[in-house]
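The structure appears right after this line, and notes come after that.
The values are calculated or read from the model by the stated rules, or taken from the named source; none is laboratory data. Quick caveat: nothing in here was measured; it's all calculated off a predicted structure. Using ideal geometry, Cβ is built from the backbone for each residue, glycine included, and neighbour counts are taken over all protein chains shown.
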Amino acid sequence: MTASGESIFFKSGALRLEGRLRLAPGPDAVVISHPHPLYGGELDNPVVVTLAKVYQRLGYSTLRFNFRGVGASEGAYDNGRGEQDDLRAAAGVLVDLGKTVTDLTGYSFGAWITLSLDPQRPAVRRLVLVAPPVAYMEFDTLPPSSAAELVVISGDCDSFAPLNLLRKQIPFWHPAARLHVLPGADHFYQDALGRLASLMEAVLTGTLEREGLQSPDV
């Protein structure tokens, strides 16, 4: 299965944004947000594509998109403010197509935007934050999430998302947040995309047995 999907454009305020949409027959849908726009983050990032493939295998419609100023998306980087509007607009695309956006998933900078979104869309029941860069961005000032479920996935060799900081901050994001650790993975999941996909699928389907905050190597 590829995660290419249909190339689309949609509006975020006055800006025209670029996205890749893949529709599934069922109602559930997810928006997947990419890493930092100023450091090469974009919708075809390998981790973003991997996450999209997992959701597609599970029957979700998926939309990954370029934040303002990235690729063919209009505008310029807005330090997270306008990017929240972009995420809301992307979710609105799926809603307008009759889908229910149950999940918002973000990788690195995308995780920051996903967690920052306030107010949260009412139908969203799960946030998935992959490698939230707590060592470099202000996660500790964000309000708690109103989603029913919050999942964090990170590698134990990730210097952008060190586990000691994650374990301190995650309880403030959501009282029942779950952290799943991928042994041997760094922030970019070099040589670990297959294991990330397996872990992600196990987490989303509830088939992963968890001991404390640590996941087994899958």
Quick check on this structure: which one of P143, P132 is touching an Asp or Glu at 6+ places or on another chain (Cβ under 9 Å) and either part of a loop (DSSP other than H, G, I, E, B) or over 22 Å from A197 (Cα atoms) (or both)? P143
Which members of the stretch 161-173 meet the condition of being in a loop (DSSP other than H, G, I, E, B) and either surrounded by fewer than 20 Cβ atoms within 10 Å (Cβ to Cβ) or touching a Cys at 6+ places or on another chain (Cβ under 6 Å) (or both)? P162
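Yes or no, residue by residue, for (1) over 22 Å from L58 (Cα atoms); (2) modelled with pLDDT of 95 or more; (3) surrounded by fewer than 18 Cβ atoms within 10 Å (Cβ to Cβ); (4) basic (K, R):
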{"residue": "P144", "(1), (2), (3), (4)": "yes, no, yes, no"}
{"residue": "E149", "(1), (2), (3), (4)": "no, yes, yes, no"}
{"residue": "G184", "(1), (2), (3), (4)": "yes, yes, yes, no"}
{"residue": "A192", "(1), (2), (3), (4)": "no, yes, no, no"}
{"residue": "L196", "(1), (2), (3), (4)": "no, yes, no, no"}
{"residue": "E209", "(1), (2), (3), (4)": "no, no, yes, no"}
{"residue": "D217", "(1), (2), (3), (4)": "no, no, yes, no"}
Quick check on my filter: what residues within the stretch 19-55 are closer than 19 Å to V95 by Cβ and not small (G, A, S)? R20, L21, R22, L23, P25, P27, D28, V30, V31, I32, Y55
Out of S7, S12, S73, I need the residue that is in contact with a Gly (Cβ under 8 Å, 6 or more places away or on another chain) and under 14 Å from A89 (Cβ atoms). Which one? S12
Polar (S, T, N, Q) and either surrounded by fewer than 20 Cβ atoms within 10 Å (Cβ to Cβ) or touching a Gly at 6+ places or on another chain (Cβ under 8 Å) (or both), is that true of S154? no
Out of the residues in the stretch 167-187 that are out of contact with any Asp or Glu (no Cβ under 9 Å at 6 or more places or on another chain) and hydrophobic (A, V, I, L, M, F, W, C), which is farthest from D140 (Cα to Cα)? L179
Might you let me know whether the stretch 2-13 holds any residue that is surrounded by 16 or more Cβ atoms within 10 Å (Cβ to Cβ), modelled with pLDDT of 95 or more and assigned to a loop (DSSP other than H, G, I, E, B)? no
Six or more apart or on different chains, Cβ under 6 Å: which pairs go from a residue in the stretch 167-180 that's modelled with pLDDT of 95 or more to one that's surrounded by fewer than 16 Cβ atoms within 10 Å (Cβ to Cβ) and of a type in the set (A, V, I, L, M, F, W, C)? Could you list them? L179/L213
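Taking only the stretch 82-95 into account, find how many residues are touching a Phe, Trp or Tyr at 6+ places or on another chain (Cβ under 9 Å) and either among the small types (G, A, S) or surrounded by fewer than 18 Cβ atoms within 10 Å (Cβ to Cβ) (or both).
Of the residues in the stretch 82-95, 4 are touching a Phe, Trp or Tyr at 6+ places or on another chain (Cβ under 9 Å) and either among the small types (G, A, S) or surrounded by fewer than 18 Cβ atoms within 10 Å (Cβ to Cβ) (or both).
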Looking only at the stretch 16-58, filter to residues that are small (G, A, S) and touching a strand residue (DSSP E or B) at 6+ places or on another chain (Cβ under 9 Å); which one of those is surrounded by the most Cβ atoms within 10 Å (Cβ to Cβ)? S33
Among the numbered criteria (1) more than 25 Å from P175 (Cβ to Cβ); (2) surrounded by fewer than 24 Cβ atoms within 10 Å (Cβ to Cβ); (3) free of Cβ contacts under 8 Å to residues at least 60 places away in the same chain, which one does S116 miss? (1)
